[in-house]
Amino acid sequence: MSPRLTVFFIVEPSRYELMACYLAGSLRQQFGQTVDLVGYCPDEKLSSVSQDEIAVLAKLGCEVRPFKVAGRFSPDYPHGNKILATLEPRKTEFSAFFDSDVLCLRPNKVENIIKDGHVSLTPAASMVWGNGKTWHLIYETCGMPLPKDRVSLMRQKGDRERLPYFSSGLFSFPEKHRNADGRSFADVWMDVAQTIDKMKKSRVVAPILTKSVCLWPFRNQVWDGTSCPRNSTSFWAEA
């Protein structure tokens, strides 16, 4: 049976190419052949990736593909690479992005990180930038009301819950889903990022661009149930 899921990540010299090899090795060890693996590199840096690392990834069944960088963000925004990689086409039913510094330490199953009709997210570890006014500005810029739901961040102290804020270091999504406007998850994430990028002083709150999955991008979709699941993977469901 062909894999339902492609796990993809960034392979970029010099810091991320070695980490990508460890990540790919751990994915193969824990998921076996149940997932496809793809490493993405900015097109202008592909020729600088070590051939040794490319050979290691190839032995693990992981292809390294380029993606176009020039003109996608203005000015250039390296942290947007995961958005650009998400926009690239893949053949599987689902895709999942992993940060390159992640390791898989125990056996796992594809079914644990995908769900039909859903984008799967995990709460961010912490939020040390911005304040309440920042959130109001971001949602206002996107033409969206502040959500009523709240989440507990991974490393937060105390019981006070925060506005939905999710990590972009691990997420999965259905490749073929389209919203009412015919836009994919990746398309709308990029739209949201570009909208915020044009906001005055947006680079002061730059982390929101790569963690903008906290802004529910498909505007015709809602939370799964009446509230955000606590202390677990959070699923956004189609209305």
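Starting from the stretch 135-156, keep only residues that are without any contact (Cβ under 8 Å) to a residue 24 or more places away in the chain, then list their pairs with residues that are part of a helix (DSSP H, G or I) whose Cβ atoms are within a distance under 8 Å, requiring at least 6 positions of separation or different chains. If the second residue must be part of a helix (DSSP H, G or I), the pairs left are PRO145/TYR139; LEU146/TRP135; LEU146/HIS136; LEU146/TYR139. State whether one or more residues within the stretch 87-99 are among the acidic types (Asp, Glu) and not in a loop (DSSP other than H, G, I, E, B). Looking through the stretch 87-99, none of the residues is among the acidic types (Asp, Glu) and not in a loop (DSSP other than H, G, I, E, B).
Does LEU5 qualify as being out of contact with any Leu (no Cβ under 6 Å at 6 or more places or on another chain) and either in contact (Cβ under 8 Å) with a residue 60 or more places away in the chain or hydroxyl-bearing (Ser, Thr, Tyr) (or both)? So LEU5 fits the description; yes.
Scanning the stretch 1-20 for residues that are of a type in the set (D, E, K, R) and buried (at least 19 other Cβ atoms within 10 Å of the Cβ) yields GLU12, GLU17. Checked against (1) over 15 Å from GLU12 (Cα atoms); (2) out of contact with any Gly (no Cβ under 7 Å at 6 or more places or on another chain); (3) surrounded by 15 or more Cβ atoms within 10 Å (Cβ to Cβ); (4) modelled with pLDDT under 95, GLY80 meets all criteria but (1). Candidates in the stretch 140-168 are the residues that are small (Gly, Ala, Ser) and exposed (fewer than 12 other Cβ atoms within 10 Å of the Cβ); of these, the one that is nearest to PRO123 (Cα to Cα) is GLY158.
The residues of the stretch 1-56 that are in contact with a Phe, Trp or Tyr (Cβ under 7 Å, 6 or more places away or on another chain) and in a helix (DSSP H, G or I), listed by number, are ALA20, LEU23, ASP43.
The values are calculated or read from the model by the stated rules, or taken from the named source; none is laboratory data. Predicted model only: the values in this text are computed from it and were never measured. Heads up, the Cβs are rebuilt from the backbone with ideal geometry, glycines too, and the neighbour counts pull from every protein chain shown.
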